[in-house]
1. Out of all the residues in the range 339-352, which are surrounded by 13 or more Cβ atoms within 10 Å (Cβ to Cβ) and assigned to a helix (DSSP H, G or I)?
2. Looking only at the range 233-263, count every residue that is surrounded by 13 or more Cβ atoms within 10 Å (Cβ to Cβ), at pLDDT below 85 and within 24 Å of Leu56 (Cβ to Cβ) and tell me the total.
3. For the condition modelled with pLDDT of 95 or more and away from the ligand (no atom under 16 Å from the Cβ), what is the one hit in Thr127, Thr67?
4. I need the full set of residues from the range 170-206 which are modelled with pLDDT of 95 or more and in contact with a Lys or Arg (Cβ under 6 Å, 6 or more places away or on another chain), in order please.
5. Against the conditions (1) touching an Asp or Glu at 6+ places or on another chain (Cβ under 7 Å); (2) outside the structural domain of Leu131 (by TED's automatic domain parsing); (3) outside any loop (DSSP other than H, G, I, E, B), where does Ile264 fall short? Just the number, please.
6. So which of Tyr259, Tyr254 is within 28 Å of Leu336 (Cβ to Cβ), of a type in the set (Ser, Thr, Tyr), assigned by TED's automatic domain parsing to the domain that holds Ala120 and not in a helix (DSSP H, G or I)?
7. Output the number of residues of the range 110-145 satisfying the condition of being in a helix (DSSP H, G or I), in contact (Cβ under 8 Å) with a residue 40 or more places away in the chain and within 17 Å of Leu352 (Cα to Cα).
Amino acid sequence: MRFKMTEHNTSKFCKTCILPEGFIDLTLDPSGECDFCKDPSYENVNYSKKVIPHALREEKLKDWKNTIRELQGHSSEDYDCLLGYSGGKDSTALLDMLLNELGLSPFLLTIDTGLMADVAKENIKKTLKKLDYEGHHLFINYAIPTFLKLYSYLFRHHNSEKVLLTKRICDCCSDLLHSIMVKESMKRNIRLIILGYSSDQIKRYFYEIPQEEILNEWMPEFLSEEFFDDEDRASYLKEEQFNHRIIPRIILPYHVLPYNEEKIINSVVEKALIEKGKTNPVLTNCHTVKAAIMFDYYKYGWISYSLQYAELVRQVKDEKERKKARKKWLRLCKSLARGIESGRFNRQGLSLFLKKTSLSKKDIFQHSQEGF
Ligand SMILES: [Zn+2]
């Protein structure tokens, strides 16, 4: 452990964003700026800012429009695409757009990881009723044991000196989610999968998940260990299952369409698709990530999400406004740190997470000096 907030009230934070010196090997230059602020192309295994050239964005936007036009030309009774539907504001707005603006008929898929928020489940029920689209939705919960084992394994075995657990968990979990979606599309001969990743979620993919990566199989090597069984492994796709089959494309349209979070929230609330106040991503955020934030805090000394928050600060161009944003996000990180150390942070969510994954507090806090 490099440092801890209580011992480091004197810690140096970047004067431009909010990142502290020493966290995931970050350095501050003599003027007090961190590696990310000094050099926009700086890459860290946990975070790198992808700059998308204008021409590439335009090219992909054209592809999106063509793809939709082609689908609109088909007059068949089959589904046009499969929409990954989480019940959050982004996928709800996307569903509304596909149905009511573009006149498509998407098949909706929701995958329960075992730790899905109740708010999201309620949202789904209400939205589908309102849109009169209940018959076209599938709720998959057969993979819950696999998701929970995956989390449990990653928490117990995480010992990387460089990669944050938060990142590792998100990557592994989305690989499994994507595998299940590809399988389900192939089963139904659907050639296009649409996901509502927001415009800032471009760390791994921009606009489309490359076909090579889908074919490369997403199953992590450790799934061959005894802790997992054949049923867990069956949730992933095997190379032979791809033989002579059409592999669906996976497209993330918010990466090229105008994305405005506030507008999206207003629109789903105005159309009464989601109740006011239930669009908050903190409410729908998953308990696994929150537990990983706690783990990372003790192992790496700071809040893993500060990497994303720092980027939000950097994006504010006006100097005065940026200073305000810096103050706000830094205050949030410090308050999260205090919450974790005092045990107030996510108390209920953590008990639920521990119960479902059969992990102990010790597994989460194994790098804490307090000893559990
Ligand atoms: Zn910085």
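The values are calculated or read from the model by the stated rules, or taken from the named source; none is laboratory data. Predicted, not measured: the structure shown is a model, and the values here were computed from it. Here Cβ is always computed from backbone atoms with ideal geometry, including for glycine, and neighbour counts include all displayed protein chains.
1. Scanning the range 339-352 gives Gly339, Ile340, Glu341, Gly349, Leu350, Leu352.
2. Of the residues in the range 233-263, 2 are surrounded by 13 or more Cβ atoms within 10 Å (Cβ to Cβ), at pLDDT below 85 and within 24 Å of Leu56 (Cβ to Cβ).
3. Selected residue: Thr67, the only one of Thr127, Thr67 that is modelled with pLDDT of 95 or more and away from the ligand (no atom under 16 Å from the Cβ).
4. If the condition is that a residue be modelled with pLDDT of 95 or more and in contact with a Lys or Arg (Cβ under 6 Å, 6 or more places away or on another chain), then Leu192 is the only one that fits.
5. (2)
6. Step by step, each of Tyr259, Tyr254 is checked, and only Tyr259 is within 28 Å of Leu336 (Cβ to Cβ), of a type in the set (Ser, Thr, Tyr), assigned by TED's automatic domain parsing to the domain that holds Ala120 and not in a helix (DSSP H, G or I).
7. 3
Table: residues versus (1) closer than 15 Å to Val269 by Cα; (2) in the same structural domain as Tyr236 (by TED's automatic domain parsing); (3) surrounded by fewer than 15 Cβ atoms within 10 Å (Cβ to Cβ); (4) in contact with a Lys or Arg (Cβ under 7 Å, 6 or more places away or on another chain).
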| residue | (1), (2), (3), (4) |
| --- | --- |
| Asp112 | no, yes, no, no |
| Leu115 | no, yes, no, yes |
| Ala120 | yes, yes, no, no |
| Lys126 | yes, yes, no, no |
| Leu131 | yes, yes, no, no |
| His137 | no, yes, no, no |
| Ile144 | no, yes, no, no |
